[in-house]
1. Which of the peptides 131-144, 56-69, 88-101 is most tightly packed, and how do the rest follow, going by the mean number of other Cβ atoms within 10 Å of each residue?
2. Label points 7 Å out from Cα along the Cβ direction at residue 45 and residue 142: separation in nm?
3. How much net charge surrounds residue 97 when only the other residues with a Cβ under 11 Å from the Cβ of residue 97 are counted, with Lys and Arg +1 and Asp and Glu -1?
4. Can you tell me the order of 43-51, 103-111 when each peptide is scored by its average per-residue count of other Cβ atoms within 10 angstrom, highest first?
5. Suppose R0 equals 35 Å. What FRET efficiency, 1/(1 + (r/R0)^6) with r the Cβ-Cβ distance, do residue 97 and residue 135 give to the nearest 0.05?
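Please treat every number below as a calculation from the coordinates, not as lab data. In this text, all values refer to a predicted model and were calculated from it rather than measured experimentally. Here Cβ is always computed from backbone atoms with ideal geometry, including for glycine, and neighbour counts include all displayed protein chains.
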Amino acid sequence: MRTTRALAASAVAVSLVGLAAPTAAAWDQPTSVTAAPQVIARGGQLVLTVSGGDACATPNSTISSNAFPTTNLRSVDGRTATATVRVNTNANPGAYSVTTNCEGQRRTFNDVFTVIGGVRGGLGGSSSTGATPTDIAIGGGLVAAAAIGGGVFWMRRRSENKI
């Protein structure tokens with residue numbers, strides 16, 4: 001009877017250790033974060049992909065950076081999650097890191113994407129209505145040059161016919 005009790009006790013101990021082992025190894029940190037595009041202007045839209053972390057597929061997983069607000073990750077499959085973010089219009093040019101928060105565990109990835117200084121669009125020369133005095137002077141000069149050049153060419157051709 002003592003052998004049976006010892007065998008039963010060891011079976012219970014092995015089963016408890018066997019059940020506890022997967023629970024301890026269940027949290028798998030993400031291994032990488034990629035950005036598409038990797039170089040972006042301020043105010044642009046960026047798609048971030050977190051790979052390799054089972055935990056980031058949970059509904060409360062987020063990703064954050066100094067260049068955009070904290071955003072929820074959306075699971076693609078069991079090992080990949082994505083987020084679409086808009087870079088702040090006042091973000092400074094340079095390389096940015098991102099931080100994932102999956103099941104309360106934070107991990108930072110350095111130099112994931114680069115913000116470049118965007119161009120400032122404006123009306124430029126199209127803000128005036130009609131031709132400006134400069135436009136009229138340039139156009140008049142071109143018409144005058146064409147008329148003089150045509151007249152000289154016509155006069156030379158006329159004198160050649162008489163010879």
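1. Ranking, from highest mean packing down: 56-69, 88-101, 131-144.
2. Here the modelled spin labels are 4.0 nm apart.
3. Neighbourhood net charge equals 0.
4. Descending mean neighbour count gives 43-51, 103-111.
5. So, using R0 = 35 Å, E works out to roughly 0.10.
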